[in-house]
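Below is one structure, written out as structure tokens, with a few remarks after it.
The values are calculated or read from the model by the stated rules, or taken from the named source; none is laboratory data. Everything numeric here is computed off the predicted structure, so don't read it as measured data. With ligands, DNA and RNA removed, areas are computed over all heavy atoms of the protein, side chains included. Shrake-Rupley method; radii C 1.70, N 1.55, O 1.52, S 1.80 Å.
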Amino acid sequence: MRMLKVVGMAMLVAAMVVGMAAVSFAASSAVSANASFSIPSWISLSIVGNGDVSFASITGPGTYNGSNGTQLRVLSTANWSLSNTILWASPSSKMPVGASQATIDASLQRTFDKTSGAWGSQTVNVSYRLVLTSDDLATLPQGDYSLVVQYTATTN
């Protein structure tokens with residue numbers, strides 16, 4: 001009888017432990033936290049394709065296509081627009097004395113497949129053409145010309 005009492009008590013204790021464990025597993029608790037942040041306007045512009053362009057020897061008036069184009073990558077968190085200019089003051093921009101900057105500015109055509117876009121990562125292709133008339137050539141003396149074209153991306 002004593003043995004039966006001990007076994008019975010052991011079974012009762014085991015049942016209570018299992019019951020408490022079941023209650024523990026069945027009960028749950030959840031909390032939440034709010035996470036908020038702000039992404040400011042941000043932009044990055046880089047050359048991912050060839051950045052060097054050359055032209056065949058200029059033998060007279062006509063249209064001369066650049067040897068290759070330039071591929072730009074715009075990465076932005078906002079809408080953006082692209083502009084460009086020749087950096088005449090750059091030490092890498094060199095022309096013969098007396099050459100007309102205005103003629104080169106008008107004659108060196110940069111054609112973009114897009115000049116603006118939305119947020120995200122986008123590729124912009126630029127092609128180059130040099131269109132010269134007889135009057136243009138009269139303002140461009142013989143010699144080597146090297147120009148730096150600067151591209152600028154700006155968020156709207």
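Summary of values
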quantity	calculated
Entirely in the stretch 53-117, the strands (runs of 3 or more DSSP E) that have 1 or more residues that are open to solvent by 60 Å² or more (accessible area, probe 1.4 Å) and farther than 29 Å from THR155 by Cα	62-65
Residue tally, condition of a type in the set (Phe, Trp, Tyr) and under 12 Å from LEU82 (Cα atoms), over the stretch 110-156	2
Residues of the stretch 119-132 classified as open to solvent by 70 Å² or more (accessible area, probe 1.4 Å) and either among the polar types (S, T, N, Q) or in a strand (DSSP E or B) (or both), total	2
